[in-house]
Structure formats: structure tokens, C-alpha cells
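Each remark here refers to the structure printed beneath this line.
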Amino acid sequence: MGAGAAPPAYNASSMTPSLRWAFALLLAALTTGCDRTDALRAALCQRAIPALEDGRDPVGPIESRAAGDVVTLVYRAAGRAEPRRLTCRFATGGDAERLRLIGVETPAEGALSEARLAMLQIWLALPGEPAASEPAAAPAPPLSPLGYLLQQLLNGLVLGAIYCLIAIGYAQVFSLLEIINFAFGELYMMGAYFALVGLVLVASAGIDRGAAGVAIALTGAVALSLPWGWAIERLVYRPLGVARAGTAMRLIPLVSAIGLSVLLQNLVRLAQGNRNKWLSPIVEGGWSVPLGDGSRLRVGATQLVILALAAAACAALWLVVRRSAFGRQQRACAQDRLAAALLGVDVERVIARTFVLGAGLAGIAGASALIYYGEADPAMGQAVGFKALSAAVLGGIGSLGGAMVGGLLIGLAEALWAAYFDGAYRDVVIFAALIIALIVRPAGLFGDPGRTSS
């Protein structure tokens, strides 16, 4: 190039590909630095796609368009050929408000209802972004062997508390009628769904999900479980004449109980769908208890809530059985229904109240499981119901105290086996140990040997 030649004009097409990419990123950073909220909104809207597509994740490129407080995504879902569109509306206001989802619309379903929107908000449950200046927390030191054992014992106590609430229902019904009501496992499952409905209503009303959320979920689970317990006794067992049936007639109520369990499970499956319902943590936080060896035992607030609920329910039941007129009538019917009826006790009313009481305890157990695990599905009551029945049998079928102890033992054994051995064999070992224990002691730990021999 000569000294007097003019420099060549700048042409963007003459840049190398790497320079063009760097220039594009720099231009995007300069022009969209203030649109960070739009990017966060688009990411939040994209996270809602699997919830609206029956678990299908988006595949391929996603086109995002933002107009004011409305974000529109065009995407393709896995297993679907045609492109789909999702429109999300967000609130106006400060930085926190601008990320609050207030409306979702799809071409197929239109705008989501308030209940479905509240469910979607719970399902998303995005945690707030940590402050940039907040230092990262140091990792907790590993637990010592003793600390690990204590942690698993705590986990087992929580699980056993849930089992013992259901086992009490089995024990009470058996003490009166000498039949097994398999529907208690499904009532536990329905209690979880009832609690979930209560939490959705709490979220749609804008109530803080903390102590109020737990109280409303528990109240809803119990209030909706009680009528189901009454209906089961009134519509299924009373027409079979279980209050007057002898030993030879126990097979018909047993088969009816199995059919009722299948009916309730499929009823919930049809009403709520076959997909699992997920829930973000309601009670957060906890405490770290120093163990003296540098490690800390983690005690979750949710665990303490569940243990307190189970302890309060068991204590209240014990007082009802031992100190109230209904408790005296129940114990009289458990000893001899005919003699109790001759003395003026309304046996059928006692049986109905016992079913209602057991359903309420199962509802508490279901709400506790939802709070603890954050999941509900139509089949969740099947395995738990059998384990709770095993707990009642292990403690001595018909014994309330035995049901409590059996539930805690089953929960502890399950947690310890999963912690130290292959978890795939957990249920096999638990039920095998139960069989061996019953071979050695057929009446259970606190059962009446005369009842098992009849």
C-alpha cells in the first residue's frame, strides 16, 4: 500500500468468524444489559414447559419474544412435531415483583385458571437469587460414624411416626371387628391430596406458606378425611353386617376392603391424573447440633413438625381411649360387642366413630408425608398401607400401644437398612424380618395370644 493511498473502508463482512461472534456478544451486552429481567422471565417461562406438556422437555431452538410484561416462547416439545406457543404474563413493579408469574396462556387450553396457575407457581418454586456480596457457605464437615447413625435414627423416627398413625387405624378397627380395613392406605394417599388442595388454595389467596400453610393443609386433610371414614363404614361395612358377623363371615369384609382400596386409588387417578404432584418445601430451615467431633447433626424443621404432630395425635388418642365415655364404650365393644349392646352401648355408632377416627389419623399421616417428601401420587398408599399393617401386626394387632411401637420399629429398620445396605432389598428384608418375628411370636409384641388362636 502506498503512502498516499487511502485506508480501506471498514467492512463487517471482512471480519473473521471469531471477531464477528465477539462483536455480536459485545453489541448484545451493550444493548440488552438492562433487559436482564427479560432473560430471567424467559427462563422462568421455559421451566413451566414440562409441567404443561405432561413431562416433555422442549427440544431444538426456543424463540423468545418479550413485549412489556409479556413473554412468548415458541418451541417444540419432545414427541411432538408441530411448534407450540406459550405466553407468560408477569407482574409490574420492583425487581422482585417483576419475576412474579401472574398468568399463563396456551393456544390449546387458553388462559390457565387460578387454581392451575397456583399449582404451577408451587411447582416452579424458584428460589431467590443470592446477593452477589454474600459469601459462599463453607461445606459442612462429614458426619462421624456415630453422627451418621444418629442422623439415620432421626430419619427413621420421622418415617415411623407416619407409619404408626396409620397402624393405629388398623389396630382400632381390628380390636372391634377382627377385620382388616385395607382402605386406610388409600385414605393416607387421599389425605396427601387433600393437603395439596389446601396448599393450592393458600397460594392462590396469597397467604404465606409457613405455619399458616401447615395449619391449613393439616386442617384440610383431616376435615376431608373424616367424612370418607364415615362413608366407608356406612356404605360398605355396615350393609355387610360386620357388627353382627361371626368368625365365619370375615372373608366377605376382607374382599370388600381390597375392592374398596382399588376403587379409591383409581378414583383419585381419574380425578387428579396419573402424574405425580410435586410440592416445594413448606417448612424450611432447621438446626445443626454439634456432636463434639467436629461434625453436626442436621435436624430439619419439617422433621420436628411431623414428630410433634404424631406425638400430639397419639397423646390425644390415648386420652380419648382411656378417659372419655367413647373410649370406655370402645373398650367394652372390643371385649364383647353383645354384652356391650345389652348394657345400652350403641355398637354401630362406636364402630362408625372408630372408622372416622382412623380416617382422621390417616389424613394427618398423608399431610405429614406431603410436607416431608413433597410428593403425592395415586399409588403412594399401597406400599405404605402394607407397611403400616405390618407395624400393627408386629406390635400386636388390636393393641394401640403395640401399633405405635411397631410403626416406630418398622420406620427405624427401614431407614437403617437403606443407610447401611443395598436399598433395593429394603422392603424384602423388612417383610422377611416381620415373618420371622411372627413365627417366633404370633401374637406380636403386645398382642393377646388368645385372639390369634381363635
For LEU143, are the conditions met, namely being over 30 Å from CYS45 (Cβ atoms) and modelled with pLDDT under 75? yes
Pairs where the first residue, in the range 426-454, is in the same structural domain as SER399 (by TED's automatic domain parsing) and the second is among the polar types (S, T, N, Q) and modelled with pLDDT of 85 or more, C-beta under 6 Å, 6+ apart: LEU434/SER390; PHE446/SER399; GLY447/SER399
In the same structural domain as ASN274 (by TED's automatic domain parsing) and over 24 Å from the mean Cα position of the chain (by Cα) - does that describe any residue in the range 373-389? no
Which residues, taken from the range 401-417, are surrounded by fewer than 20 Cβ atoms within 10 Å (Cβ to Cβ) and among the small types (Gly, Ala, Ser)? GLY401, ALA413
What are the residues in the range 147-197 that are in contact with a Gly (Cβ under 8 Å, 6 or more places away or on another chain), hydroxyl-bearing (Ser, Thr, Tyr) and modelled with pLDDT under 90, if any? SER175
Identify, by number, the condition in (1) exposed (fewer than 13 other Cβ atoms within 10 Å of the Cβ); (2) without any contact (Cβ under 8 Å) to a residue 24 or more places away in the chain that ASP346 doesn't meet. (1)
Please verify whether the range 210-222 includes one or more residues that are surrounded by fewer than 17 Cβ atoms within 10 Å (Cβ to Cβ), at pLDDT 80 or above, closer than 24 Å to LEU370 by Cα and not assigned by TED's automatic domain parsing to the domain that holds ALA51. yes
Identify the residue in the range 418-445 that is small (Gly, Ala, Ser) and farther than 26 Å from GLN151 by Cα and, among all such residues, is surrounded by the fewest Cβ atoms within 10 Å (Cβ to Cβ). ALA437
Hits in the range 318-343 - residues which are modelled with pLDDT of 90 or more and either outside any helix (DSSP H, G or I) or of a type in the set (Asp, Glu) (or both): SER324
Test: residue in the range 381-400 that is polar (S, T, N, Q), buried (at least 20 other Cβ atoms within 10 Å of the Cβ), closer than 29 Å to LEU445 by Cβ and at pLDDT below 90: yes
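The values are calculated or read from the model by the stated rules, or taken from the named source; none is laboratory data. None of the values given here were measured: they were computed from a predicted structure. When we count neighbours, we look across all protein chains shown, and the Cβ atoms used for this are built from the backbone with ideal geometry, even at glycine.
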